[in-house]
Amino acid sequence: QRSFKYAREACNSRGAQMPRVALVAALAALCRCGAYSQALIFKDRIQQCGPGLDASCYNALLAHCARLRFPDESLRLHEEMTALGVTPDETSLSLLVDAQAFV
């Protein structure tokens, strides 16, 4: 519950002043609490006014997709991250495979 409260506060504040590790933690907290749509909004805010997105940001979202078996959403995220020039790391690819495992 504390991490969800922290993530909601981070969504309402300017993400540009937060360290990257805090932004990733907020994304992960939103996903774990089932607030995936809010996590996507927060991701867009990080991209627009924050330090930008990296593989760890996408890994938080891909972990949610893998956990709930959302193959289409995981592919969409992978396409988005490569289109933005974010190189998937080993964790990204593993989570992508996990999300596709039961297709």
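A compact table of results
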item: The stretch 44-67 residues that are open to solvent by less than 40 Å² (accessible area, probe 1.4 Å) and modelled with pLDDT under 90, paired with ones that are outside any helix (DSSP H, G or I) and not β-branched (Val, Ile, Thr) (beta carbon under 8 Å, 6 or more apart); result: ILE46/GLY52; ILE46/LEU53; GLY50/MET18; LEU53/LEU84
item: Pairs where the first residue, in the stretch 9-38, is closer than 20 Å to ALA55 by Cβ and the second is basic (Lys, Arg) and at pLDDT 75 or above, C-beta under 6 Å, 6+ apart; result: GLY15/ARG45
item: Residue in the stretch 68-80 that is surrounded by fewer than 15 Cβ atoms within 10 Å (Cβ to Cβ) and over 18 Å from LEU95 (Cα atoms) present; result: no
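The values are calculated or read from the model by the stated rules, or taken from the named source; none is laboratory data. These numbers were taken from a predicted model, which means no experiment stands behind them. Neighbour counts are summed over all protein chains in view; Cβ atoms, including those assigned to glycine, are modelled from backbone coordinates with ideal geometry. Accessible surface areas use protein heavy atoms only, side chains included; no ligands, DNA or RNA. Shrake-Rupley method; radii C 1.70, N 1.55, O 1.52, S 1.80 Å.
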